[in-house]
Amino acid sequence: MVVLIDTDVLMDYAQKRAPFYENAAKIIEYKYRHRFIGIITTQCVANMFYLLNKDKKKINYPEDIRNSLLGLCYLFRVSEIEGGMTIKALDERQYTDFEDRLQMLCAIKENAEFVVTRNLKDYTESEIKAIPPEEFLRLIESE
């Protein structure tokens with residue numbers, strides 16, 4: 001199974017955000033055990049670096065942030081956003097969230113079956129089904 005993991009789920013893991021951390025940690029564990037093919041995007045990594053560096057209470061050193069993100073990049077396949085995807089996402093005015101549209105375009109490019117996110121409202125028009133972490137975990141655990 002190929003899935004794109006959205007930034008919010010990875011931030012739940014990185015920041016140990018309650019009550020979402022447990023599901024995010026299980027997803028990371030299942031990826032580590034090769035239970036699925038996981039995709040993250042270059043945009044996700046950039047956003048996480050910015051958000052984690054901004055929140056100095058949680059992680060104190062940029063080097064720790066770099067190491068954490070490197071770990072995710074080695075664990076997941078990183079999908080690059082190409083120039084044409086950026087133009088397409090800007091031009092598709094029916095999608096109100098530009099960043100989520102870029103995520104979806106990467107999911108399409110990678111032939112993902114699902115996007116795993118807690119932000120379902122911004123994926124209602126997407127070509128690939130968005131599911132919450134708990135639903136994804138039920139799918140993985142039923143295999």
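Conditions (1) of a type in the set (Phe, Trp, Tyr); (2) under 12 Å from LEU4 (Cα atoms); (3) in a helix (DSSP H, G or I), marked per residue:
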residue: TYR74; (1), (2), (3): yes, no, yes
residue: GLN94; (1), (2), (3): no, no, no
residue: ASN111; (1), (2), (3): no, yes, no
residue: LYS121; (1), (2), (3): no, no, yes
residue: ALA130; (1), (2), (3): no, yes, no
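Close Cβ contacts (under 8 Å, 6 or more residues apart or on different chains) running from residues in the range 93-121 that are on the phi < 0 side of the Ramachandran plot and small (Gly, Ala, Ser) to residues that are surrounded by fewer than 16 Cβ atoms within 10 Å (Cβ to Cβ) and not in a loop (DSSP other than H, G, I, E, B) comprise ALA112/VAL2.
Kindly indicate whether any position in the range 58-66 is more than 24 Å from ARG101 (Cα to Cα), exposed (fewer than 13 other Cβ atoms within 10 Å of the Cβ) and of a type in the set (Lys, Arg). No, that holds for no residue. For the condition closer than 22 Å to ALA14 by Cα and free of Cβ contacts under 8 Å to residues at least 60 places away in the same chain, LEU52 qualifies. Of all residues in the range 79-90, none satisfies being touching a residue at least 40 places away in the same chain (Cβ under 8 Å), within 18 Å of the chain's Cα centre (by Cα) and under 21 Å from PHE20 (Cβ atoms). Among the residues of the range 60-71, those identified as under 16 Å from ALA46 (Cβ atoms) and either modelled with pLDDT under 75 or of a type in the set (Val, Ile, Thr) (or both) are PRO62, ILE65.
The values are calculated or read from the model by the stated rules, or taken from the named source; none is laboratory data. Quantities reported herein were computed from a predicted structural model and do not represent experimental measurements. Backbone-built Cβ (ideal geometry, glycine too); neighbour counts: all protein chains shown.
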